[in-house]
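**Q** I am attaching a structure below and will ask some questions about it afterwards.
The numbers here are math on the coordinates, done by the rules we state, and not lab data. All figures in this text were calculated on a predicted structure; none of them were measured in a lab. Using ideal geometry, Cβ is built from the backbone for each residue, glycine included, and neighbour counts are taken over all protein chains shown.
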Amino acid sequence: MSTEAVAICIRGLEVQIVRKDIKNLHLGVYPPHGRVRVAAPLVVSDDAVRLAVIDKLGWIKRQQTRFAAQSRQSRREMVSGESHYFLGRRYRLRVVAHQGAGKVGLRARSFLELRVRPDTDAEGRERVLLQWYREQLRTRIPPLLAKWEPILGVHASDWRIKRMKTRWGACSTEAHRIWLNLELAKKPVRCLEYIVVHELVHLIEHHNDRFIELMDRHLPPWRQRRRELDAAPLAHSDWAY
């Protein structure tokens, strides 16, 4: 039986099915649009998968309705007065004309001050802000790795930050490398910690029952933190995990 992801239609609902070497069937609904995904054991028949989805149709629809109502940020124009997020807190952007290199700083616990040359356009302002976000993550990721690597008994040989449109993190088990989404700079540190732990555990296990067991054992509130990520305001581009 193929382990490649396949999409089927069940009562008008598109469902992605992935076959894995796991014991139990796992059904999830993911933001931003309520994508439905089923991880099914290799031995479970297609009919059994269909019945499981049909049995959960009410719950699936409720989750999709919740995601549809979730707040989304409008396209950022990078002008004073806009709302921007850092570590889960909302700040008002204050753009200040500045002749030197672009820089960002927090002011009075309410403002995110962006100092740029007067002729810097919106794209250039965004680049300065994204670079600042990257620098902030670079200072916060190493302590989390130092905390969790010995607990989990695993070591990430390399870690990197990049913008990703479909997930909060990723890993390469062969290279023992993890990637973290730049957007995590906007989320609470506890959510960043959850993704760091999630990817480190992936260096040990794929998404299977033991993966869930390890997450439950070492980070019991991981589901709550995942829900918090789901509930946070989405960027103009859609992000999901």
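**Q** Hey, with R₀ at 45 Å, roughly what FRET efficiency would Asp158 and Asp47 work out to, going by the Cβ-Cβ distance, to 0.05?
**A** 0.55
**Q** Sort Leu229, Leu87 so that the residue with the fewest other Cβ atoms within 10 Å of its own Cβ comes first and the one with the most comes last.
**A** Leu87, Leu229
**Q** Which value, in debye to the nearest 20, describes the size of the charge dipole of the chain about its Cα centre when Lys and Arg Cβ atoms bear +1, Asp and Glu Cβ atoms bear -1, and nothing else is charged?
**A** Using only the charged Cβ atoms, the result is roughly 980 debye.
**Q** What aspartates and glutamates could a cross-link reach from Lys103, if we take a straight Cα to Cα line under 18 Å and drop same-chain neighbours fewer than 8 places away?
**A** Within the straight-line limit of under 18 Å, Lys103 reaches these aspartates and glutamates: Glu77, Glu82, Glu113, Asp119, Asp121, Glu123, Glu126, Glu135.
**Q** Using +1 at the C-beta of Lys and Arg and -1 at the C-beta of Asp and Glu, which of Ala97, Gln136, Ala146 has the Cα lying farthest in the positive direction of the dipole of the range 1-159?
**A** Among Ala97, Gln136, Ala146, the one farthest towards the positive end of the dipole of the range 1-159 is Ala97.
**Q** Another one. Report, by chain and number, residues whose modeled amide H sits under 5 Å from the one on Met164, excluding near sequence neighbours (fewer than 5 apart, same chain).
**A** Residues meeting the amide H criterion: Leu182, Glu183.
**Q** Given the Cα-Cα distance of Ala5 and Arg37 and 0.36 nm per residue of separation, how much length would full extension add, in nm?
**A** Contour length minus Cα-Cα distance gives 10.6 nm.
**Q** Could you put Glu183, Glu213, Glu174 in order, starting from the residue whose Cβ has the fewest other Cβ atoms within 10 Å?
**A** Result, fewest neighbours first: Glu174, Glu213, Glu183.
**Q** Oh, and also: Using modelled amide H (1.01 Å from N, peptide plane; none on Pro or chain starts), what sits under 5 Å from the amide H of Ile10, excluding residues fewer than 5 places away?
**A** Val15
**Q** Also, quick follow-up: Treat the count of other C-beta atoms within 10 Å as a stand-in for reagent exposure and order Ile151, Ile8, Ile22 from fewest to most.
**A** By the 10 Å Cβ count, ascending: Ile151, Ile8, Ile22.
**Q** Looking at this model, which pairs from Lys61/Lys165; Lys147/Lys186; Lys61/Lys147 are more than 28 angstrom apart at the alpha-carbon?
**A** Lys61/Lys147
**Q** Considering only DSSP beta bridges where both residues belong to the range 6-68, give the percentage that are antiparallel (nearest 5).
**A** Expressed as a percentage, antiparallel bridges in the range 6-68 total about 60.
**Q** Over the Cα atoms of the range 185-228, what is the Rg over Rh ratio if Rh follows Kirkwood?
**A** Over the Cα atoms of the range 185-228, Rg/Rh equals 0.97.
**Q** Using +1 on the beta carbon of Lys and Arg, -1 on that of Asp and Glu, and nothing else charged, what's the dipole of the range 6-68 about the Cα centre, debye to 20?
**A** So the magnitude is around 240 debye.
**Q** Select one label from (i) 31; (ii) 45; (iii) 48: the one whose number is percent of Cα pairs over 26 Å apart as derived from the coordinates shown.
**A** Looking at percent of Cα pairs over 26 Å apart for this model, the match is (iii).
**Q** Considering only DSSP beta bridges whose two residues both sit in the chain, what percent are antiparallel, to the nearest 5?
**A** 55
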